[in-house]
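Contents: one structure, followed by commentary.
The values are calculated or read from the model by the stated rules, or taken from the named source; none is laboratory data. Here the structure is a predicted model, which means the values were calculated and not measured. Don't worry about glycine lacking a Cβ; one is built from the backbone with ideal geometry, like all the others, and counts go over all protein chains shown. These area figures cover heavy atoms from the full protein model, side chains too; ligands, DNA and RNA do not enter into them. Shrake-Rupley method; radii C 1.70, N 1.55, O 1.52, S 1.80 Å.
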Amino acid sequence: MFYIVVEMKEKLFKMSMLLLALAALCSAAGAADGERLKLATTTSLQDTGLLDVIKDKFDEKYNVPLDVVSGGTGIAIQYGERGDVDVLIVHDKERELKFIKDGHGLERRCIAYNYFYLVGPKDDPAGVKGMNGSQALASISEKGKADPSKVMFVSRGDNSGTHAREKLLWKKAGYNYSAVNSSGPWYIEAGQGMGATLNIANEKQAYTLSDMSTFMAYQGNLTLVPIIEGGSDLLNVYVALIVNPKKHPGVNCRVANEFINYLVSDEGQDLIASFGTEKFGKPFFSAARGNCELIGCSAAECAVPTSASCAAA
């Protein structure tokens, strides 16, 4: 009887230890599940597939999953202003600076760049080849008003970074945007992401403004071609921003710092600079590293580690 009791006690002890071990594992798993990074970003990073590669590499390196909201710069900034995400990747300098000035963001880090393309039918019915971006839009407007059956323009119309650049080009051309988007059937607002906008423009054989990377990703399914590419007015700079934990308590600032520091590291910059080359023969993006002056980013904000404090008070 004594041996049976001892044996039972030993079994109970082993079972208790097993349960404790399982509880510890569950607790650790729960902690790991809680350590996530929430990113709001542009559609171009998602549509090209670069973001999927970044997610996998970052998770592998830091064991932190990345939850992504992709809907354009305007939507990304709204998420940041509400404190619903930890970090942004966007491409509209005016709104980036305002985001920081209003206390929602800590600091800018330039991570990559490419160019916007003005794409359109191969026969270029508005005759804009060789012009700069604002000159081209002016010509498209005049010829579209004259004959909308031959010349049309499809706008993102979604408050994205690409849409913001389009509005800036209209302003440089001397046009009031509110007058442009109500000036006739030649001008179509898609209200959608870049991929969908390209498909609409292709269907209508219209012009549109596209970031270079998304156009390259969709090019195989389009008959549209780049009419204007390059030039300072079509420069497209991508920036990462940490949401300010002082303004929005609960933001995972520490991991957001790690994420941005990964993007500006040699590994991150090499990944950005090579992505797309294997499949398309040239990269979708260029690294910010080594190109700071070209893209208008100061040495303090261009492909360098973060320096702002994550203190919430």
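Quick one: how many residues across the stretch 160-209 are open to solvent by less than 50 Å² (accessible area, probe 1.4 Å) and more than 18 Å from residue 76 (Cβ to Cβ)?
19
Are any residues in the stretch 46-70 open to solvent by 10 Å² or more (accessible area, probe 1.4 Å), assigned to a helix (DSSP H, G or I) and either in contact with a strand residue (DSSP E or B) (Cβ under 8 Å, 6 or more places away or on another chain) or of a type outside the set (A, V, I, L, M, F, W, C) (or both), and if so, which ones?
46, 47, 48, 52, 55, 56, 57, 59, 60, 61, 62
Which residues, counting only those in the stretch 71-98, are touching a Leu at 6+ places or on another chain (Cβ under 8 Å) and open to solvent by less than 20 Å² (accessible area, probe 1.4 Å)?
If the condition is that a residue be touching a Leu at 6+ places or on another chain (Cβ under 8 Å) and open to solvent by less than 20 Å² (accessible area, probe 1.4 Å), then 76, 77, 80, 85, 86, 87, 88, 89, 90, 96 are the ones that fit.
Say whether the condition of being open to solvent by 60 Å² or more (accessible area, probe 1.4 Å), touching a residue at least 40 places away in the same chain (Cβ under 8 Å) and more than 30 Å from residue 278 (Cα to Cα) is met by at least one residue in the stretch 216-229.
no
Return only the number of the condition from (1) closer than 23 Å to residue 98 by Cβ; (2) at pLDDT 95 or above; (3) not in a strand (DSSP E or B) that residue 241 does not satisfy.
(3)
Residue 262 - would you say it is in contact with a Lys or Arg (Cβ under 8 Å, 6 or more places away or on another chain), assigned to a helix (DSSP H, G or I) and of a type outside the set (A, V, I, L, M)?
yes
Tally the residues that are surrounded by 15 or more Cβ atoms within 10 Å (Cβ to Cβ) and either closer than 17 Å to residue 170 by Cα or hydroxyl-bearing (Ser, Thr, Tyr) (or both), restricting the search to the stretch 230-246.
5
Which of the residues spanning the stretch 169-192 are part of a loop (DSSP other than H, G, I, E, B) and touching a strand residue (DSSP E or B) at 6+ places or on another chain (Cβ under 8 Å)?
Correct list: 181, 186, 190.
Only one of (1) surrounded by fewer than 22 Cβ atoms within 10 Å (Cβ to Cβ); (2) touching a residue at least 12 places away in the same chain (Cβ under 8 Å); (3) more than 16 Å from the chain's Cα centre (by Cα) is not met by residue 119, so which one is it?
So the condition that residue 119 fails would be (1).
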